[in-house]
Every structure is written in C-alpha cells, then in structure tokens.
Amino acid sequence: MSEHIKLPVLPMRGAVVYPGPAVSVAVSRAGTSKAVEEALNGDRRIFVVAQRGDDEAVSADSLHTLGVIARVGAVQRGIGGLQLLISGETRAVASNYESDGELLRARVRPVASLGPVRADDPSFVALNQELRLRALELGKQRGLSEEVLNKLLEAVQDPGAFADLVASQLELPASEHQMILETISVEERMRKVLVRLQHQIDVHHSQKRIQQQVNEELQGRQKEMYLREQLKAIQRELGDDDQDGDLTELREKIAALQLPKEAREEAERELGRLERAGPQSTEAQVIRTYLEWLVELPWNERSEEKLNLKEAENILAEDHFGLSDVKDRVLEFLSVRQLQQRAAAAASAAAAASAAAQPDADGSPEASEPAEVAEAARNAEKADKAAAASSRKSPILLFTGPPGVGKTSIAKSIARSLNREYVRIALGGVRDEADIRGHRRTYVGAMPGRIIQGLKRAGTKNPVVLLDEIDKLGASHHGDPASALLEVLDPAQNHDFTDHYLNVPFDLSEVLFIATANMLHTIPAPLLDRMEVVEFSGYTEREKLEIAKRYLVPRQLAESGLDRQSPPPSFEPEALTLLISGYTRESGVRKLENQISAITRKLARAFASEQTPEPVVTAERVRELLGRPRVHPEQIAARDEVGVATGMYYTPVGGDIMFVEAALRHLGAPARQREGESTPSLGSVSLILTGQLGDVMRESARAALTYATTHAQQLGIPRSRTSASEVHVHVPAGAIPKDGPSAGVTIATALISAMSGRPVRRDLAMTGEITLTGRVLPIGGVKEKVLGAHRAGVRHVILPERNSADLVDVPEEVLKELTVHFARTLDEVLELALLSGAARDSDANRGGPKSERIGTALGVIEGYA
C-alpha cells in the first residue's frame, strides 16, 4: 500500500491534467500562486485536481477526489500571474484537504492503473491497435506529418499511457475528461477514449464537408458576381442598361406586396431567373410577363362593403321591378355579413376587456382571477377567429330562368348595393378547361384563366363575379370546363385555388360568385350541388307594362337622344300593351325593349329630319311604325267542341296553351295496323298520333286509350265506338317537336270527348300526368303554365292535387282572375272538363257538377286569392 504524501493543491477550472504529457498552465489566483511557490521551494511536486464549477473561491468541497501528482517545470512570471509547464507523473487520490488561509494542501496517495489480465489477449491487442490507428487518423486530420506521428506512437508503447496521451488531445468537456481520468482499468479507459476519438474523427469529417460546401458556394457567388459585373459593363456599352431599372422596379413591387409564403418564394425564384437571363432571350420575356401578372393581382386589396340594409334595398328596388325572392336573398346575405361584423367587433372588445382586467402587480382584490382572465381571453380569441373565418365565405348563387327576365342585370345591382366591383365572365360555348384554370407556362402564348383575369380587371379580391350562361358550357378533347369549375365554386376548396399559369394558390373565398342559366338539366349534378338555385319566373303582362313604363321607355329615350326633346315623346299604356301582346312572345322583356328601341329610332329619325312627329305614341302609331303585329299567340277556342281539349306547356321562353285534337272514325270491321301508324292497334281500336310527338307523349296517348276502352261503360262511351274504330290524336304546330308527360290529362280528355261525343269546355285548361289506373300525377313549371293560360284568356285551370303548394309562386293578381281546380284522378278531371249534350258555349254550363273534394280545394284557392 502506497504511503500518503502531503502536497500543495493546484485547482484547475474547466481543465484536467493527465499523467505523462506536459501542459502549460496559467496561474492568476493568489492561493494557487502560493501553492506553486511552496512546490518550487520543495521538491517541485504539486497535486493537480479539477475543480467543480468556475467559482473564484476554492474549497475542499469544490474539488474532485482523484487528480494527478505533477512536477512543476519551467516558470514564467508576468504581470497577470505565473505561466507554468507541468508534467503529470501518476494518478493520486486525496484522502483529505487542509486549508491554511488561501493555501490548500492535500494528503494524497498514488493510484496505479489496473492492467489487463493477459497483455497478449487478442481483444486487448486489437483494441490497442485500433486506438493507435484512430489516433494516427486524427493526427493526420489535424495536419501533423506522418513521420512525427509514427515517432510519437513508437515513443509511447504502454497502452495506459497512450490512452492518457490521446485523451489529453481530445476536445471534451471537463466532466468527461475527469471521468476518463478516474477510470483505473486500462482496458476500460482505452474503450472510452476510442469511442470519443471516433466521434472527434466523425465531427472533423462533417466540418470538412461543410467547409468545402461553403467554399464552393462562395466561389460560385464570387464567380457570378464577377460575371454579372462584366455583363453590366457589356450592357452599358450596348445601351441595354435599362433592364436594371425594370428589375429594380419589379423587385420593389414584389417586396411591397403581402404575398403568401408560397407565392413569395415563387416570385423571388422567378426574379432570380430573370436576372440571370439575357434581356433579349425568349425566356426573359416569359418570366417578365409572369411576374407582371403576379404583382398586378389583388392579393390583399378589398372593396369596403356597404352593409346598410335600407340603402341596399332602395338600390335593388330602383334598378328592378319585382324579383322579390332574389332581393330577399341579397338582403339576407347582407344581414348575415352585418351580424358577422358585429360578432367580430364584440370578440375584439371582449379580448380588450380581458386584457384590461388582468390583476395588478400588487395583487389588488379588485383584479380578476388569472384563470378567469385566461379563459375569457381564449373564448374571445376563438370567437374572433370564427367570425373572421365565416365572414370571408360568400354564397354561390345560381340564377335560373327564361331569357330576358333580369338575371344578368340584377347581378350588377347586387354589386352596386354591396359597393363591390363587378366582373362578368361569359361561359357560353367555352369548351376548354384552360379557359377556367389557365394554360401552363410551358406553352407559347400561355395566360391565366378567365377567373384570374377577371380578378385582375376588378382590382380587388372580393368582387361580384358573374358566370354568365353556365348551362352552355361544352366539353372537348381539351377537357371539361364544368369540372374545372368544381373547385372554383366550392367554398371548402376555393380558398386555395391554383391557376395553372400562376402555379401558386390564390384565395377566392371572398368572391361573391353569381351564375346564370336558362336550363338546369344541362348543368352537371356535382356542379349544381355547389350552388344555391334562385329561380326567375316569367313576367305577367301587368309586370311587363310596369317595367316598360319605369325602365325600358326612359332608357331607350335617353339612348336615342329623345329625352332632351321638348316635349319628349311618351308611350300610352295601350301602345305598350299592344307591343307586349302583338309584337313579342317571351317570358322576359328583352324583345319588348328591342321593339321600343325600334320605335324610338324611327322617332329620332323624324326629329333629325326636322319633322314634328306626334309626341304621344298610341296603339295606332305603333301599327304605323312597326307594321302589322307579328305574333299571334294562342287564344281560347271560340266555342266548346267535341274532341278538342286545351292543355298547358312550358318552354325556356315561358308558358302557353296548346290544343289537343282527337277524332274517331268507324271502320265497320276490326281495324288492322296500317302502314305509317305511330302506334299499333289496341284491341279493336287503332291509334294514330301526329304532330311530331315524342316517345313520352305517345306513351301518354296509349295509356289514355287503354283507360278509355277499359272504362268505356263508366265514361258513357257507346260499345260501337270501342270496336272496329280508329282514333286519331293530333297536336297542332306540327313543325315543332313536342314531348313530356304533363300532356297526359289533356290527351285523355280530348280522346274520351271524341269517343263519348261530349264537348270540352273552351275556357278551361289542364295539365298533369296520368297512369293506367287514372291517377293524376304532379308536374313542373306550374307558375309559367298558369301565367301562359292567363295570357290566353283561360279562366279555369285544372292542376294535379299534389301541385297545390306551387301556387304560392303565382302572382296574386293572376290568381284573382282565375279559378284553380285540383284533381287527384282522371274522373275528377272529366267531371270538370266534359259537358253533357251537344257542343255549345260553356258559359251556360260552368255551374256543372263538381265533387265535394274539388269544391273544397277551390274554396281554398279562392280564399288565398
């Protein structure tokens, strides 16, 4: 057992001294200097031990137990203290520390390393060799010559001493150095040193690789800078130095925009490509055009909305007559936006109040509890975010109805009432997906789609965009534009709309999209599902007269310059009524305005020729200027006739009446199917259909004949007329194709009238689908059909009972002049429509029998009117 030695202590801050290699140590503390002086006065030995922490004051508790007995070599004295060269001799452990003022002494005992059990053990030999190889590699990485390294390896043959030598050269924290120093087992110490040595080698490799990459990048930038300066000099010589000004202007515009992260990265990348490209290159022109599109889009420009409901209502009423459903929908939208803004303001106020209600620093009792304040702040923040998110979304409306009813013009009024910009995008005949989503920039002449172009024209990101004639979109080998609109018109997706040309997302969620269409069945179902349908119906003659007085006549007088005449021309109501009924046949007022325009042009010509035409346009004057009436609408028949029933139909231009004629011919022998017949014979009664009837109408006629023959006795049809007979059903206007199930009731009534010999009331029109059992099924277009019948002079209308709710859409003034009957079966229809006896005027038979149920339904309608 080694004897204890009493030595002065040299505490080391942030460093550890190993046995063997000499190290330089700076001494500045007074106590440490005294320890060194005592060692120099003795045998120059000193106990070097690591200090825990970096405190200036040293105590026994702050020193490790195991250290190194070292010998002080050369000493250099300076103003700041001593510079020593010390060499570690052996490990030692301190049994206790003694303090003499600032000087520390320790009773230490040398500690010998614990060698391997067998020095020639293969694993130990391999460990020793691997440690030496790795040390050689690290030395080469640090720039030492191979000759010096080999001499050093040969000089230190002891494995434990070599491990200490290598450990002293590693860049490790003091705690890890102390851990290695305290490892007495040579083999374990070598393993720990090898692990940390390999880590140092890996770090050095990574540093070298990073440094090489940095150098390459710096060299590339220096080369680019040098070449760019040369290019600028060449451009100045050629007079092309204006590009720098353009690039600077583009860069300033991009920097000023509040672009999303993805858009900014793309803009800066393309700007870098533009700077590297020559000004005359094709690529430079393409990039410049792209950047100009990017900076001219309204990324954050918005129109300030007007949310004054009264003012908006006045604007809509000023611009359009009627259309109450559409006006109500716009005012509902404004009401929602107004409430959303109030909610956002309330959330902001709550957040401010929560911040103001935080407790004072002195913890005054008046302050709110911290948990309550935090909860209020969170709730206010949630409400604020929810209000902001909901206020960004705009509804997507689809206006559908006949031409000329004001679908396009009311979109302008909506934009004006909201104080938003208005953009119209015509989609009629569009057959290319790129018209919606744009072309990719790889194509020559590429450009953004119509949506992005419209936003650029608007200059704001929240305009009213009218997608006109969306039902007339086509499809071709270039793609389906209707499918491309799915993303545009989906509130859950259009906040991230990506145009192929821009190739960066653009937010469309604040755009108010309004689409228009004449027919719904041509719009794909997924696209229709994304829009809120608002139906526009045709105008009554009274509504057309009011529209002509208030809007059409003043506008055409102004366009023709007649409003400045003294006195300006005016139209009598009778003249406008003649124009509506005799010169136009439409649900809207577009053709009516064209006819008024034709009259004002003729009057303008007369004024320009210094003539003095009559200032008041009368009905006679209309005939003089426009000639004879060109439209001959259907009117009710002059008398009740056998086999002639009045039906109602609906087309995109509105509703009207039609006549269905049926005639019976007795053949005298069982009829055979003749060449040219539309339908084969049914039993001994054959059926001929003419008038360009479609498959559905022909099936309705066959169902009506089956019902008539199977209920002949109940319907009062003589037996002779159900055998060896031929029934011919004809619908006039044979040049026009006709189809649909709603003519079933009319065909059955005309056919049964012809077979029974009972006349049909001339003042009654009907519509409805029938079945073989005689049930009357509901149909569509009730409002348009009723309006058409009213215009034709009909005063009684039969509708399927299940269509009773549709009468809410019919104007009240029309219902006041009509008597509406509801029927559930064909028997009830025939009871109302067929008269008893020979044909005569129906005025004497209008009080005919009615079932109790029909009378109840009629009472309801009369009460509604």
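The values are calculated or read from the model by the stated rules, or taken from the named source; none is laboratory data. Quick caveat: nothing in here was measured; it's all calculated off a predicted structure. Neighbour counts are summed over all protein chains in view; Cβ atoms, including those assigned to glycine, are modelled from backbone coordinates with ideal geometry. Side chains are part of the model used for accessible areas, which takes the heavy atoms of the whole protein and leaves out ligands, DNA and RNA. Shrake-Rupley method; radii C 1.70, N 1.55, O 1.52, S 1.80 Å.
Label point of ILE234 set 7 angstrom out along Cα-Cβ; within segment 210-227, amide nitrogens under 16 Å from it belong to 223-227. On a per residue basis, the chain carries 50 Å² of accessible surface, using protein heavy atoms and a 1.4 Å probe. For LYS261, the lysines whose Cα comes closer than 29 Å to its Cα, not counting residues fewer than 8 places off in the same chain, are LYS253, LYS382, LYS385, LYS393, LYS456, LYS461. Packing here is the average count of other Cβ atoms within 10 Å per residue, and on that basis the peptides 262-269, 81-88, highest first, run 81-88, 262-269. Within the same chain, lysines fewer than 8 places from LYS816 are excluded, and of the rest, those with a Cα less than 27 Å from its Cα are LYS327, LYS544, LYS549, LYS783, LYS785, LYS850. Taking 7 Å steps out from each Cα toward its Cβ at GLN212 and GLU813 produces label points 9.2 nm apart.
Out of every Cα-Cα pair that segment 30-103 contains, those further apart than 18 angstrom amount to 43 percent.
One compactness figure for segment 574-656 is 1.44, namely its Cα radius of gyration divided by 2.2 N^0.38 Å. Summary of packing: across the peptides 542-548, 401-407, the per-residue average of other C-beta atoms within 10 Å ranks them, highest first, as 401-407, 542-548. Segment 104-183 and segment 593-610 have Cα centres separated by 113 Å.
How big is the gap, in Å, between the Cα center of segment 701-733 and the Cα center of segment 533-570? If you average the Cα positions of each part, the centres end up 50 Å apart. Heavy-atom surface analysis with a 1.4 Å probe gives the chain a carbon and sulfur content of 50 percent of its accessible area.
Highest mean packing comes first when the peptides 822-830, 570-578 are listed by Cβ atoms within 10 Å, giving 822-830, 570-578. Where both partners of a DSSP beta bridge lie in the chain, what percent of those bridges are antiparallel, to the nearest 5? In the chain, approximately 60 percent of DSSP beta bridges are antiparallel ones. Here the translational diffusion coefficient of segment 497-605 follows from Stokes-Einstein with Rh set to the Kirkwood radius across Cα pairs; for 37 °C and 0.692 mPa s it amounts to 188 µm²/s. Prolate is the label for segment 132-228. Its Cα gyration tensor axes, ordered a ≥ b ≥ c, give a/c of at least 1.5 and a/b above b/c. Can you list the lysines whose alpha carbon is less than 20 Å from that of LYS151, not counting same-chain residues fewer than 8 positions off? In chain and number order, the partners are LYS140.
Each residue of segment 508-522 is assigned a 3J(HN,Hα), and the resulting list reads 10, 5, 8, 7, 8, 8, 10, 10, 10, 7, 8, 10, 8, 6, 8 Hz, derived from the Karplus form 6.51 cos²θ - 1.76 cosθ + 1.60 (θ = phi - 60°), x at Gly and Pro. Two numbers describe the Cα atoms of the chain: Rg and Dmax, which are 50.0, 157 Å.
Taking every alpha-carbon pair in segment 432-550 and binning the separations at 5 Å intervals from zero gives 2, 10, 18, 21, 17, 12, 7, 6, 4, 2, 1, 0 percent.
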